[in-house]
Amino acid sequence: MSGGQGARGGPGASAGGEFRVYALRYARRDALRGEHFLGHDGRAGEPHPTAYYTWLAVSDRHTVVVDTGISRARAAKIDGLDYLASPAETMAELGVPADAVDHVVLTHLHYDHTGTAREFGSARYVLQRAELDYWTGPWARRVARERWLMDEDDVAHLRAAEKDGRMDLLDGDAELVPGLSVHLVGGHTAGTQVVRIRTARGHVVIASDASHFYENIEADRPFPILHSMTGMYGAFDRINELADGPHLVVAGHDPEVLTRFPPLNEALSGRVVVIAG
């Protein structure tokens, strides 16, 4: 239950309205450095694995999921993807049922961030209007290299939720609930947003794909899939402004997340880490 003590040492309520924040790894894939950095790199052929996460934030009043990962059906069609468990399945192991989630923040509309949104049937979806407008407008249909990144069924579900009054379409920064806000940064996509969360450790920023890997933001090297190069550099700056230190930035696809932050418990080692408890 939202705010309750979870199974096997899972999330419970936090004091003073602050959030406890967890990264849930649901999949992994082998990849190369050349896939993850814009421009020539003499080390492009070196292994550089990708981790896939969703994020869970729990306070004494709210349970928020940031991004919803890849659906199991689509994951089965991706060569080399090791799918560990759906985000909702992992949350259930933590004692947090999907219907306890009151907000789902979608940082952007790429398929690996929207794939299980429909499983959170009690939640309000939060998305930037610029993101939805781009993917449902004329430009995305013409930019053929990007079409595979958006799942038509996922977006159709979200548009139906909008008609049902379950979507908050934003035009910039907003506080969703006390202690948790979203911030439009763009760069990776037209309407990429990051999430700032107040915790006992300070303000955490879930960068998601505004910085796929720590090396992107720390070495000032953009990821190659981008909507605006200058926008991505600006996103790096905004992330650093919003976080209470670089140790509270959470990269979107970096296996290092699993070593920079402690595991929740032994049973979920390699799958769930505590960003701030």
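General observations
- Residue 99-residue 162 FRET efficiency (beta carbon distance; Förster radius 22 Å; 0.05 resolution): 0.65
- Inter-label distance, residue 260 to residue 142: 3.8 nm, where each label sits 7 Å from its Cα along the C-beta direction.
- For the stretch 92-106, 3J(HN,Hα) per residue [Karplus equation, 6.51 cos²θ - 1.76 cosθ + 1.60, θ = phi - 60°, Hz, x = Gly/Pro]: 4, 5, 8, x, 10, x, 4, 7, 7, 7, 9, 9, 10, 8, 9
- DSSP bridge orientation in the stretch 129-277 - percent antiparallel, rounded to nearest 5: 80 percent
- For the stretch 192-277, averaging the sequence separation of C-alpha pairs within contact (under 8 Å, six or more residues apart) and dividing by the residue count gives a relative contact order of 32 percent.
- Net length available on complete extension from residue 247 to residue 220 is 8.1 nm, with 0.36 nm assigned per residue and the Cα-Cα distance removed.
- Of all DSSP beta bridges in the chain, antiparallel share, percent nearest 5: 75 percent
- Ellipticity at 222 nm from helices only: DSSP H runs of n ≥ 4 in the chain, each -39500 (n - 2.57), divided by the residue count, give -5500 deg cm²/dmol.
- Label point 7 Å beyond Cα of residue 153 along Cβ direction - residues of the stretch 105-137 with amide nitrogen under 18 Å: 109-121
- Additional length obtainable on full extension of the chain from residue 230 to residue 118, 0.36 nm per residue less Cα span: 37.0 nm
- Mean separation of Cα contacts under 8 Å (6+ apart) over length of the stretch 15-276, as relative contact order %: 20 percent
- Think of each Lys and Arg Cβ as +1 and each Asp and Glu Cβ as -1; about the Cα centre, that makes the dipole of the stretch 15-276 roughly 240 debye.
- Cα pair count fraction exceeding 19 Å, expressed as % - the stretch 212-277: 38 percent
- With neighbours defined as other Cβ atoms within 10 Å of a residue's Cβ, the residues 148, 139, 55 order from fewest to most as 148, 139, 55.
- Evaluated at q = 0.12 Å⁻¹, the base-10 log of the normalised Debye intensity for the stretch 168-276, with identical point scatterers placed on the Cα atoms, takes the values -0.41.
FYI, it's all coordinate maths here, none of it is from the lab. Just so we're clear, the structure is a prediction, and the values are computed from it rather than from any experiment. Backbone-built Cβ (ideal geometry, glycine too); neighbour counts: all protein chains shown.
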